[in-house]
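Since the structure comes first, as structure tokens, the remarks are kept for the end.
Each value in this text was obtained by applying a stated rule to the coordinates, not by laboratory testing. Quick caveat, the model's predicted, so the values are computed rather than measured. Ideal geometry is used to build each Cβ from the backbone, glycine not excepted, and the neighbour counts take in all protein chains shown.
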């Protein structure tokens, strides 16, 4: 596969295509559009995460926040790299650039009582991000990816999926264990793969050691479905909302000993991939005690997000992760599992699979 490295300075200075856009994020998106049309690219890897900033976040590579007030007084927006993948939308019979600001008021991906944007939501190019914060992390990931691409093919350990779940939303009259249903559906799709299921209902999931031991033996895919924040993932035993079973916290990830046997990790849990977190949030006492404590309660004082932490590890962890930068929730009835991502402004029906939408 042909690969081209393009720096942000080259994008902003118009080294390849005319630079256009209202801010840095839009300039990058326009560049991706031009690269699709002129070079025929299919994949984009953004490199760079947060690098400090106390009163205002600073980024090595631009990000786009949505502006969706879900009315629960927790978050009014979230990070979305879908912005960089959703290049086009349809206007009548025409395909045009989708700037995620359909009402033209300068507020992107807006969804609240005073104004709404109509978005396409469908990606036109594959986009991923290495939210690295320094050169060391970039170098480590380059070496890790090269090792993975050159040694993984044909290895027996790869043909295994580890599925981790429990009773995400316990209820006395609720017969479903949502996390176990979701991961069981994932396993069904993985034909030819051996499955290791760690579930609270059969006591194969009791604490983080169960996850660490399973992953350390090597697996090609790792699927969590439950509850999360930027520092950890957990779930419940059946019908017991007062008991928490920890699956894996960032401070436990160093115990993973699966060097050279890296899975693709899909984590269902709120905010596990919220990569704007920072230790600097501990300094925000000037915002008042209640606001300052919320950073601690939400896990937003983590040095890095759960999903990036498990990927950027040098001696273990995952090769890639997919997760939520904001809220996710799920509810069900006897026939269907209805999945909602509150932060996208739409309700999605997932047929009989819970894999698209999990918890909060």
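Here is how the numbers come out for the structure above:
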read-out: With eigenvalues of the C-alpha gyration tensor scaled by 5 and rooted, the range 1-96, Å; value: 26, 20, 12
read-out: The range 175-249-the range 86-103 distance, computed between alpha-carbon centres (Å); value: 39
read-out: Beta bridge orientation in the range 8-127: antiparallel %, DSSP, nearest 5; value: 65
read-out: Calculated Rg and Dmax of the range 142-349 using C-alpha coordinates, Å; value: 17.5, 55
read-out: Dimensionless Rg over Rh [the range 117-177; C-alpha; Kirkwood]; value: 1.17
read-out: Per principal axis, descending, Cα span of the range 1-43 in whole Å; value: 31, 16, 15
read-out: Over the chain, relative contact order from alpha-carbon pairs under 8 Å, at least 6 apart, %; value: 14
read-out: Modelled FRET efficiency - R0 51 Å, residue 190 with residue 289, Cβ distances, 0.05 increments; value: 0.60
read-out: For peptides 231-239, 99-107, 130-138, 299-307, sequence by mean Cβ density within 10 Å, most packed first; value: 299-307, 231-239, 130-138, 99-107
read-out: Global size of the chain as Cα Rg and Dmax, reported in angstrom; value: 20.7, 62
read-out: Cα-based helix-to-principal-axis angle, 178-189 vs the chain, degrees rounded to 10; value: 80
read-out: Stokes-Einstein D for the range 105-206, Kirkwood Rh over Cα pairs, 4 °C, 1.567 mPa s (µm²/s); value: 70
read-out: Exposure proxy ranking, count of Cβ atoms within 10 Å, fewest first, for 84, 121; value: 121, 84
read-out: For the range 6-162, average projected area of the Cα convex hull in nm²; value: 13.6
read-out: Pairwise FRET efficiency - residue 255 versus residue 36, Cβ, R0 = 56 Å, nearest 0.05; value: 0.85
read-out: Among 274-280, 173-179, the order from most to least packed when residues are scored by Cβ within 10 Å on average; value: 274-280, 173-179
read-out: Nearest-ten-degree value, helix 24-39 long axis tilted from longest Cα axis of the chain; value: 80
read-out: Sites residue 97 and residue 145, calculated FRET efficiency, Cβ-Cβ separation with R0 35 Å, nearest 0.05; value: 0.70
read-out: Residue 15 paired with residue 156, simple spin-label distance in nm, labels 7 Å along Cα-to-beta-carbon; value: 4.7
